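Trainee: The structure under discussion is supplied below as structure tokens; questions concerning it will follow.
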Amino acid sequence: MSVIEVKASQSYKVHIGRGLLGRCGDMTAEVINPCRIAIVSDDNVFPLYGETVKSSLESAGFTVSCYVFPHGEQSKSHDNLLKLYGFLAEESFTRSDCIAALGGGVTGDLAGFAAASYLRGIDYVQIPTSLLAQVDSSVGGKTAVDIPAGKNLVGAFKQPRLVLADIDTLGTLPDEFFHDGMGEVVKYGMIWSEKLFELLESGDVKSHLEDIVSSCVDIKREVVETDEFDKGLRMILNFGHTLGHSIEKTQNFCGLSHGMAVAVGMYMITKAAEKNGIIAEPISDRLRRCLETNHLPWSVDIPAETLFANSVNDKKRFSDDINIIICKTIGKAEIVKMPVTEYKKLITD
Ligand SMILES: NC(=O)c1ccc[n+]([C@@H]2O[C@H](COP(=O)([O-])OP(=O)(O)OC[C@H]3O[C@@H](n4cnc5c(N)ncnc54)[C@H](O)[C@@H]3O)[C@@H](O)[C@H]2O)c1
């Protein structure tokens, strides 16, 4: 098992290993005095792991209530958030009680935002069960819900008190979500660690899951410790995301999943930067092969003009500068500020 301490505005440990769910009660009790705890989980994850987590928490002295909601992004909504607030109020949760988010990124973001806002803030722990949640969303304190105007538009920074990433839970994660999470894993290799990238190139991911999740969490730790509130370095985590979001938006969020769209975005920006002489040593072929090895796409049938238009908002389209994340070598990302006109040329030429 690895333990990584994140020293943010509130410090906490991220435990990564196997068999953690059965010990989550004692591990939680080390950082939060036994109190009422609400397990927040979706209807795929709760039937698989809810009982194990509940009985472990109860054995450690917690009084457990369970809030289970329908799985999927549509549950990261204000409606569901209001229901969750209502549930906590009905169960008489006070400021000394807490929440355990058991599930993927949707659960973590929803439960985290409820914890950030209910009674002006209560404690929460993250028990991520998807690859994406283990390597990314459970660490760093970004919480949010979606509103009709866009994804993640209402949220807060709220660091958890503890993160328990049990690798065993990935055994039941459907392949499509596993591959989707691999998009973010390849991103970590590209922006920070050639060693991680080399492991991903080998294609032998499943037998190195604990190492891979630990490497990603350690990278995120370093980025978050340097720039908790997303004013500078944390932007590098958006490598591939400007074009990735544009792909998702163009396809009305019904086409490529987020991680797949990011994979295409990473390849497209790297190839474009190479073509325009921003990158001296070619790396895009290596990136493409690594994406293929990990069941990720690298191209999409959308005109470059459309991708450009949907990747900058209307106000920005003809003025302002835009920050683009570019990896000039594998394992190192740079924030490159350029006029939007230059960005347009980069994408569409
Ligand atoms: N807060 C952050 O920093 C951050 C970062 C990246 C992404 N996100 C958010 O994360 C969300 C996506 O996360 P996600 O991909 O985990 O989505 P998700 O929570 O919807 O999980 C994906 C699917 O896998 C199922 N699942 C999860 N764990 C499982 C398991 N162990 N076994 C079987 N099924 C399991 C879920 O029920 C769901 O159907 C998005 O809303 C995104 O905005 C947040």
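The values are calculated or read from the model by the stated rules, or taken from the named source; none is laboratory data. The structure presented is a predicted model; accordingly, all values stated were derived computationally and were not measured. Note that each Cβ is placed from the backbone with ideal geometry, even for glycine, and that neighbours are counted across all protein chains shown. Note: accessible area is taken over every heavy atom of the protein model, side chains too, but ligands, DNA and RNA are not part of it. Shrake-Rupley method; radii C 1.70, N 1.55, O 1.52, S 1.80 Å.
Trainee: Among 127, 167, 122, 147, which is open to solvent by less than 10 Å² (accessible area, probe 1.4 Å) and more than 18 Å from residue 212 (Cα to Cα)?
Mentor: From the options 127, 167, 122, 147, the qualifying one is 122.
Trainee: If residue 337 satisfies all but one of (1) under 21 Å from residue 194 (Cβ atoms); (2) in a strand (DSSP E or B), what's the number of the condition it fails?
Mentor: (1)
Trainee: Just name the residue that is farthest from the ligand (Cβ to nearest atom) out of those in the stretch 40-59 that are open to solvent by less than 10 Å² (accessible area, probe 1.4 Å) and out of contact with any Phe, Trp or Tyr (no Cβ under 6 Å at 6 or more places or on another chain).
Mentor: 57
Trainee: Just to check your reading of the model, which residue among 256, 233, 237 is crowded, with 22+ Cβ neighbours inside 10 Å and away from the ligand (no atom under 12 Å from the Cβ)?
Mentor: None of the others qualify; the one that does is 256.
Trainee: Next question. Which ones in the stretch 77-97 are within 16 Å of the ligand (Cβ to nearest atom), in contact with a Leu (Cβ under 7 Å, 6 or more places away or on another chain) and open to solvent by 40 Å² or more (accessible area, probe 1.4 Å)?
Mentor: none
Trainee: A further question follows. Does the stretch 197-206 hold any residues that are surrounded by 13 or more Cβ atoms within 10 Å (Cβ to Cβ) and without any contact (Cβ under 8 Å) to a residue 40 or more places away in the chain, and which are they?
Mentor: 198, 199
Trainee: While we're here: Can you say whether residue 180 is within 10 Å of the ligand (Cβ to nearest atom), of a type outside the set (S, T, N, Q), touching a residue at least 24 places away in the same chain (Cβ under 8 Å) and open to solvent by 10 Å² or more (accessible area, probe 1.4 Å), as far as the supplied structure shows?
Mentor: Here the answer is yes, as residue 180 does meet what is asked.
Trainee: I've got another one for you. With a cut-off of at least 1 residues that are touching a Cys at 6+ places or on another chain (Cβ under 8 Å), name the helices (runs of 4 or more DSSP H) lying wholly within the stretch 195-286.
Mentor: It comes to 258-275.
Trainee: Now for a separate question. Report, by residue number, each residue of the stretch 60-76 that is within 15 Å of the ligand (Cβ to nearest atom), open to solvent by 40 Å² or more (accessible area, probe 1.4 Å) and assigned to a loop (DSSP other than H, G, I, E, B).
Mentor: Once the filter is applied, which keeps residues that are within 15 Å of the ligand (Cβ to nearest atom), open to solvent by 40 Å² or more (accessible area, probe 1.4 Å) and assigned to a loop (DSSP other than H, G, I, E, B), the stretch 60-76 yields 70, 71.
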